[in-house]
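Any read-out appearing in this document is the output of simple, stated calculations on the displayed coordinates, not a laboratory observation. A quick note: this is a predicted structure, and the numbers were derived from the prediction, not measured. All Cβ positions, even for glycine, are placed from backbone atoms using ideal geometry, and neighbour counts span all protein chains on display.
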Number of protein chains: 4
Amino acid sequence: MNTKINTKRKRVKFASDNVTGACPEVLEAVIKANDGIVPPYGNDEISGVLQEKFSKIFEKDVIVYPTASGTASNALALSAISPSFGNIYCHKFSHINVDECGAPEFYTGGAKLVPLNGEDGKITTEELKNSIGGFGIVHHTQPSIVSITQATETGEVYTLEQIKNISEITHKHNLKMHMDGARFANALVSLDVSPAEMTWKSGIDILSFGATKNGCMAAEAIIIFDKDLVGNLPFLLKRSGHLLSKMRFVSAQLDGYISNDVWLKNAKHANNMAKKLSDGLVSTNQIKLEYPTEANEVFVRLPKKMVEHLNSEEYMMSQGELDGKVVRLVTAWNTKNEEVNEFLNTIVK
Amino acid sequence: MNTKINTKRKRVKFASDNVTGACPEVLEAVIKANDGIVPPYGNDEISGVLQEKFSKIFEKDVIVYPTASGTASNALALSAISPSFGNIYCHKFSHINVDECGAPEFYTGGAKLVPLNGEDGKITTEELKNSIGGFGIVHHTQPSIVSITQATETGEVYTLEQIKNISEITHKHNLKMHMDGARFANALVSLDVSPAEMTWKSGIDILSFGATKNGCMAAEAIIIFDKDLVGNLPFLLKRSGHLLSKMRFVSAQLDGYISNDVWLKNAKHANNMAKKLSDGLVSTNQIKLEYPTEANEVFVRLPKKMVEHLNSEEYMMSQGELDGKVVRLVTAWNTKNEEVNEFLNTIVK
Amino acid sequence: MNTKINTKRKRVKFASDNVTGACPEVLEAVIKANDGIVPPYGNDEISGVLQEKFSKIFEKDVIVYPTASGTASNALALSAISPSFGNIYCHKFSHINVDECGAPEFYTGGAKLVPLNGEDGKITTEELKNSIGGFGIVHHTQPSIVSITQATETGEVYTLEQIKNISEITHKHNLKMHMDGARFANALVSLDVSPAEMTWKSGIDILSFGATKNGCMAAEAIIIFDKDLVGNLPFLLKRSGHLLSKMRFVSAQLDGYISNDVWLKNAKHANNMAKKLSDGLVSTNQIKLEYPTEANEVFVRLPKKMVEHLNSEEYMMSQGELDGKVVRLVTAWNTKNEEVNEFLNTIVK
Amino acid sequence: MNTKINTKRKRVKFASDNVTGACPEVLEAVIKANDGIVPPYGNDEISGVLQEKFSKIFEKDVIVYPTASGTASNALALSAISPSFGNIYCHKFSHINVDECGAPEFYTGGAKLVPLNGEDGKITTEELKNSIGGFGIVHHTQPSIVSITQATETGEVYTLEQIKNISEITHKHNLKMHMDGARFANALVSLDVSPAEMTWKSGIDILSFGATKNGCMAAEAIIIFDKDLVGNLPFLLKRSGHLLSKMRFVSAQLDGYISNDVWLKNAKHANNMAKKLSDGLVSTNQIKLEYPTEANEVFVRLPKKMVEHLNSEEYMMSQGELDGKVVRLVTAWNTKNEEVNEFLNTIVK
């Protein structure tokens, strides 16, 4: 398959956080879930209890649909609340706009992603305000959703204040707020706030809760904060082949992930490693940060020679699509101190 | 979630083969795959080697796309080779027609499933011949695919002869042959033929290779026997959220499954248990088989009182939608001899 | 373009009612509408007044959306009230199932047309009752609409009683009733009832009101009897390219058509000509009616030699797809007495 | 219906060119076409001859599909040559992006319109070059079409040189060139070049040929310069309800329009009137042109008081959505000298 990552390079570490396996607690949960005969399609006990566990974490009765991919979560969430002629406002760098091969358009039946320039990786209220319009005019696609990514594609994290300001505009126009939380945990521990504060208390209506990158195998969840937004989602899940028959295995991953603060522990570690890496790079004086390091991603402008050297050392430096010269480095739940040191040493050599 | 299976009953055994966990070899493969940092999106080594392993099994260079659900496999396979205005001929009982909430229609952009009455669970060449038509006339949806299910939804197995006869008509009209192999292994060991014989040697162009039911967690594969049919499939996979980032975990399941004849062993066991169950039921004289037991599903007409008794004993008897009074019993890779005996004893009490 | 009708034959009369031009009153209305500068997209006066005129005809405040084709009317009407995973129950011969190249599937985003065998060209309540099911089960496409064709594809006309019986079942299950009225006027004058009686008073929720065949150029209308069903229709119309900018020209056709009972006069004439033709054919004793002649279509089994003779005389005998040997003859608003005589004479020669 | 134009104002002249009726020659052609019994669905003689007539005009064997709306032409043309995951590069002001309620997305099954900022109303080669990319990477929607509007939405006209430069980039990357020619004739006479020069000789692959605005009732045409691009278009036309049964009436409009240079005469007149209007406005010194007047549209920045005065005089001044203060004035085939004078007099009062 044709993908962005060159398979011939050996050291894919720092290439992304999806190059990792599952953390021990999640693996353990999967092994444990393997026992016994249980009802399929999410009617097993693990899946059932998940609703309560997530409701506790979010301090609200939420509705949870486990899925196996982030693209599925995003596209399904958006399609549940947008008409086929809806406008979905998002940052031009956003995963839904750039990295899902048009999944939101496919699932919604043709909704339009309206790309906003933003400031760095974040949507600005000013631009959003100017973009929303055309209500009720049949010639125009109709404003329906604002989608933000937390943490953003640039490794930045929206403050609660920023989320609230965007939500306010969104709701004033009767649109809905979607959060792509592929790196939800990394943003959460970065802000040091509660899951409730970063979502529904700040105006989020529907969340793609990411878990794969931060320690699962293939487990995400659509989390709905308002029952009325469920709509046809159960049917859309089945209809798209995302209602797995042995759902217990996805649910078990999520269970292992959110139990005993495993997810927060993993995210804290990844963020710390990113900070260490970021600080180390900046201290060389040759390297400039492109965006502030606020979660587990580091964006730096590396001199061309440095990139070539790293590649010759078998690191896989994807020169970000965001900008030709910017390199993205990603840490994960299992990034080791010595791996960061080794990388920094390779750089300064 | 609203599904067909009542979660309150305890003994879901025999309710389906998707109530089971993974077999030990598959679980082991998953655990083993968890180690290390590897490229995502199917660019890992396990995924890479899979192409060769399947090619060996099918005695032909095949192209393999792992997926996490059978509905995804079917819908993606069909959408890769049908235009949006295509006719897909299938048995009226087929999973794609009845049990996928319209996934084929969604993925193809609106193709029409043409339901055939068939004989029991199988398509007949006579009816198929009479149904295909309207070529080139813009008013009519255009014949594009014939899809058969092996083993069928009634637990029967198409003979090689029958597959070939259907393929012949299909190809004579320049249509393509799809096989829904949700229970591929069960059919294969039932016929005691080679994977090649049951597929491309009999005219199958594209196969949904099922593995979940017969010992995996969530692993299926689209297998393409003619490179020209790949079309846009890589993009369709990504676009539908079915290109998992940590693909190694799906590939590992498939690897564990097809290595060392695990899949054949599992299927043989399941079929044997079905035979034992079927024989036991028929020997009561009160019970009639609805369809011959040729794989791992038993369809019987049970007296209403017997169903009630079984339910009272906490068995979960789904009264098949195929016909009000027919009960479906499914055995699996881990069905135990004593479980069959226990069930038969409950019946005859 | 590849269509069903062979263009080389000269005498396409009786081949269909869409081989005719517009009746004088409709042409006059179009010419009159050409004057002046008026607002586009249906905001002109003619379009505005149409709502009131149709409301008067139907004895109820209806909502009217003019369109330029029957396929558009049907597909748009169905898509306004069916989810993408809906079941639309219809006769297996119905235009939406057989003659629209999958337009309903396209517009609805993949709904499933469930073909019923019916009795002759009509749906039966018994079969309908047995087909509707699976409510709330995510594996199944969900019952949403029952669509009947009036007059039917076989030239028969549902009685009010029959419509009411079907509507009753439909509404009992909370589905909606659609009527494909491509030959609405012909059915209406055949039954000699009021437009209200044949529609909402008998349970019809949404109507495709045909006008093209019976004296217009390209004018149909979607007529909605319950405001709540309008849904997103205005956007769907625009989104599909069916909101014409110079809408006045479609509206003018409809205006000329429904004013001064032009439509009823045209339909009566066409039906009378069909009756005359039908009677003449039957009186030959060699020819048997396939279906009773109740509107403006005659279905007869002609001996093969007779078909060949007619074709040699340059008549264009489309051997109906419904059944190999059955020939369909259609009369129209402008069929002349002598044309019927000439045809009968050719037959008996 | 909810549209952009306020119906209460009386003088909609200058509001658009779709507020006009048909020119006498087109009306005459429609009346003439009404006679006789002819085959439906474009198999009539008028429709047949159209292929040759257009081929003569374009100095090349072209394939022509008449349609009844510009939105239909655009969406169908794009869907014939873009996959569902295609990128369609267009100006951010373009009709397909802003004014078709997402028709291209609907027809293509979810392709992505990539809006370019351009310079005034035109795409620039520089920006286009930077936008095309991501070939073969499954995560990204795939570059497929570049669409330009001639004349542009700002009333400007691409020079042949500009079209060729854009086409060169487009074809270098194996994309296809679409031209939205809603005001094709106005652009053509403005450039004073041949239809061939402005289209295939400059690299256009498929054209939406507009006729409605410039003197027809409801008639457009998809014109294909390369047979291989026809693809499934005949089926897509039928499937979307745009294959009218009495097609002769659309074909007749086109015939009357392109015969005897009617279309060129109409366009020249409209352009002249725009020039006169534009010159008159600029001469007031209070008014500045927003874009050069190169076809039949005038874009001016009017002082707020002037807009209010015009509206009080019952002119309908739609304050363009392109920019809050800019007013668009459109002339047509039937704009009268005295109407322009009257408007200018109202302004300067």
For this session: Evaluate the charge dipole of the protein assembly as shown about its Cα centre and quote only its size in Debye, nearest 20, assuming +1 on the Cβ of each Lys and Arg and -1 on the Cβ of each Asp and Glu.
Result: 0
Seminar exercise, completed: Taking alpha-carbon centroids only, the stretch B:71-146 lies from the stretch D:105-170 a number of Å equal to 37
For this session: With springs only between Cα atoms under 10 Å apart, run a GNM on chain D and tell me which of D:Val26, D:Val330, D:Val98 wobbles the most.
Result: D:Val98
Exercise. Where nothing but the Cβ of Lys and Arg (+1) and of Asp and Glu (-1) is charged, how large is the charge dipole of chain D around its Cα centre, in debye to the nearest 20?
Worked result: 680
Seminar exercise, completed: Ranked by GNM mean-square fluctuation in chain A (Cα springs under 10 Å), the top entry among A:Ser278, A:Ser240, A:Ser259 is A:Ser240
Seminar exercise, completed: What helix-only [θ] at 222 nm does chain D give? Using -39500 (n - 2.57) per DSSP H run of at least 4, over all residues, to the nearest 500, the answer is -11500 deg cm²/dmol
Problem set entry | Residue-averaged beta-carbon neighbours from other chains (10 angstrom radius) around D:74-84 | 2
Seminar exercise, completed: If the chain between D:Lys325 and D:Val49 were fully extended at 0.36 nm per residue, the gain over the current Cα-Cα distance would be 94.7 nm
Problem set entry | Peptide D:58-69, shielding by other chains (average Cβ, 10 Å cutoff) | 2
Seminar exercise, completed: Rounded to the nearest 5, the percent of DSSP beta bridges in chain C running antiparallel is 50
Exercise. Which cross-chain or sequence-distant (5 or more) residues have an amide H under 5 Å from the amide H of B:Tyr158, H modelled 1.01 Å from N in plane?
Worked result: B:Thr152
For this session: Kindly write out, for the stretch D:339-346 in residue order, the coupling ³J(HN,Hα) from the Karplus curve 6.51 cos²θ - 1.76 cosθ + 1.60 (θ = phi - 60°), rounded to whole Hz, with x marking Gly and Pro.
Result: 5, 5, 4, 4, 5, 5, 5, 4
For this session: Using only the C-alpha atoms of the stretch D:91-193, find the volume of their convex hull and express it per residue in Å³.
Result: 99
Exercise. Over the Cα atoms of the stretch D:262-348, Rg to Rh with Kirkwood Rh, two decimal places?
Worked result: 0.95
Exercise. If we hang a label 7 Å off Cα along the beta carbon direction at C:Glu45, how far is it from the matching labels on the other copies, in nm, shortest first?
Worked result: 3.9, 7.7, 8.3
Exercise. Under Stokes-Einstein, with the Kirkwood radius over Cα pairs standing in for Rh, what whole-number D in µm²/s applies to the protein assembly as shown at 10 °C and 1.306 mPa s?
Worked result: 47
Exercise. What Kirkwood radius, in Å to one decimal, follows from the Cα pairs of the stretch C:12-61?
Worked result: 13.5
Problem set entry | Estimated dipole of the stretch D:136-267 in Debye, rounded to 20 [Cβ of Lys and Arg +1, of Asp and Glu -1, Cα centre] | 500
Exercise. If the label for A:Val307 sits 7 angstrom from Cα along the Cα-to-Cβ line, what are its distances to the same label in every other copy, in nm to one decimal, shortest first?
Worked result: 4.6, 6.7, 7.0
For this session: Would you kindly derive the ³J(HN,Hα) couplings of the stretch B:207-219 from the backbone phi angles with the Karplus curve 6.51 cos²θ - 1.76 cosθ + 1.60 (θ = phi - 60°), listing them in order in whole Hz, with x for Gly and Pro?
Result: 10, 8, 8, x, 9, 4, 5, 9, x, 9, 8, 7, 8
Exercise. For the charge dipole of the stretch B:24-261, defined by +1 on Lys and Arg C-beta atoms and -1 on Asp and Glu C-beta atoms about the Cα centroid, which residue among B:Asn97, B:Ser190, B:Leu50 has the Cα displaced farthest towards the positive pole?
Worked result: B:Asn97
Exercise. Residues of A:109-117, mean number of Cβ from any other protein chain within 10 Å of their own Cβ, rounded to a whole number?
Worked result: 5
Exercise. Taking θ as phi - 60°, what are the ³J(HN,Hα) couplings along the stretch D:266-278 by the Karplus curve (6.51, -1.76, 1.60), each to the nearest whole Hz, with x for Gly and Pro?
Worked result: 4, 5, 4, 4, 4, 4, 4, 5, 5, 4, 4, 5, 4
Exercise. Residues with amide H under 5 Å of B:Thr67's amide H, sequence separation 5 or more or different chain, H placed in the peptide plane at 1.01 Å from N; which?
Worked result: B:Glu220, B:Ala221, B:Ile222
For this session: Report the FRET efficiency, 1/(1 + (r/R0)^6), for A:Asp35 and C:Asn345, where r is their Cβ-Cβ distance and R0 is 51 Å, rounded to 0.05.
Result: 0.05
Problem set entry | 10 Å-binned pair-distance histogram of the stretch B:24-261 (Cα, whole percent) | 8, 34, 37, 17, 4, 0
For this session: Hey, can you grab everything whose amide H is under 5 Å from the amide H of C:Gln142? Only 5+ residues off in sequence or another chain; H modelled, so Pro and N-termini drop out.
Result: C:Gly86, C:Asn87
Exercise. If you put a point 7 Å past Cα along the Cβ direction, how far is that point for D:Asp279 from the same point in each other copy, in nm, smallest first?
Worked result: 7.3, 7.4, 10.3
